[in-house]
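The values are calculated or read from the model by the stated rules, or taken from the named source; none is laboratory data. This is a predicted model, so every value here is computed, not measured. Note that we place each Cβ from the backbone using ideal geometry, even for glycine, and neighbour counts take in every protein chain shown.
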Amino acid sequence: MFDLQNPKTFFNFSDQNIFWLKVIFFLTAIVGLVFSLFISPQDYLQQDAVRIMYVHVPASWISLFIFAVISFSSFLSLIFKIRVFSVYAKSLAPIGLVFAFISLSTGSLWGYPTWGTFWTWDARLTSMLILFFTYVLYVVLWKWIKNYFLAEKITNIVGIIGFINLPIIKYSVDWWNTLHQPSSITIYSAPTIHTSMLFPLLVMFFSFCILSLLIFLMRYKYEIISFKNSRYDNRNF
């Protein structure tokens, strides 16, 4: 059984698999970049600018998924007092923050040749910017508030409230008239993107997922060790 409440579970998983995770990441990153930059075709309208998609879209997906996990973990920690889930959320937050930044920055670079501007107060872009600042707030609160348990409670509340923004981001292109194109990949229908572009997109997404897992395992171990070495005892884990 994979016991999510036992830190040793992740310690053992990390020690046993960290090397192979690194190998998988580097291999998938190389394959993804080769297909994204050299093998996949140009878009008939956007030309080579479409290649930004292979970083922008996976980064957007991961930033949304990570915050969903943070929200769920915050709920379990705040309501059911399962404190280890706060450590999950705290470990994941900087990763999600970086991917949210990558999503916004690459989106701006992609927007200029396609829309003629680096930024517009489009519903999708604005809601994504709100997610970025929610990440910033979450990370900063952990840094600023010196009392661990107070920081834990406040960040749990931020994590839960921030979840409201996720469906807004997801459905903003359906609810409002936006410059941002609708989703090309959904769980309800077949992808509208050609397989020559879909394959590198999914490979890059998988590569970013492995990278996120690698960073999470390192940060999680650091957070657990830091807590146990701090002035707080470990009765809460």
TODO: Return the pairs, sorted by first residue and then second, in which the second residue is among the polar types (S, T, N, Q), the first residue lies in the stretch 200-218 and is closer than 16 Å to Ser60 by Cα, the beta carbons are less than 7 Å apart, and the residues are 6+ apart or on different chains.
DONE: Pro200/Ser36; Pro200/Ser40; Val203/Thr28; Met204/Ser36; Phe206/Thr28; Ser207/Thr28; Ile210/Thr28
- [ ] Say whether the condition of being within 26 Å of Leu214 (Cβ to Cβ) and hydroxyl-bearing (Ser, Thr, Tyr) is met by at least one residue in the stretch 30-50.
- [x] yes
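Filter the stretch 4-29 down to residues that are among the hydroxyl-bearing types (Ser, Thr, Tyr) and modelled with pLDDT under 95 and give me whichever is nearest to Phe208 (Cα to Cα). Steps first, answer last, please.
First, the residues of the stretch 4-29 that are among the hydroxyl-bearing types (Ser, Thr, Tyr): 9, 14, 28.
From what is left, the residues that are modelled with pLDDT under 95 are 9, 14.
Values: Thr9: 23, Ser14: 17 Å.
The residue in question is Ser14.
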TODO: Quick one: count up the residues across the stretch 103-121 that are of a type outside the set (S, T, N, Q), surrounded by fewer than 20 Cβ atoms within 10 Å (Cβ to Cβ) and under 22 Å from Gln47 (Cβ atoms).
DONE: 7
Task: Boolean, Ser60 is out of contact with any Ser or Thr (no Cβ under 9 Å at 6 or more places or on another chain) and buried (at least 17 other Cβ atoms within 10 Å of the Cβ) - done: no
Open item on the list: I need the full set of residues from the stretch 1-24 which are among the aromatic types (Phe, Trp, Tyr) and either within 18 Å of Phe199 (Cβ to Cβ) or loosely packed, with under 11 Cβ neighbours inside 10 Å (or both), in order please.
Closed with: Phe2, Phe19, Trp20
Task: Residue in the stretch 64-110 that is nearest to the chain's Cα centre (by Cα), counting only those that are farther than 19 Å from Tyr222 by Cβ and not in a helix (DSSP H, G or I) - done: Ile82
- [ ] Using the structure shown, decide if Ser189 is farther than 23 Å from Ile70 by Cβ, at pLDDT 75 or above and either hydroxyl-bearing (Ser, Thr, Tyr) or outside any helix (DSSP H, G or I) (or both).
- [x] no
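If you check Tyr54 against the conditions, is it over 29 Å from Val158 (Cβ atoms), of a type in the set (Ser, Thr, Tyr) and in contact (Cβ under 8 Å) with a residue 60 or more places away in the chain? First the steps, then the outcome.
Numbers: over 29 Å from Val158 (Cβ atoms): yes; of a type in the set (Ser, Thr, Tyr): yes; in contact (Cβ under 8 Å) with a residue 60 or more places away in the chain: yes.
Yes: the conditions hold for Tyr54.
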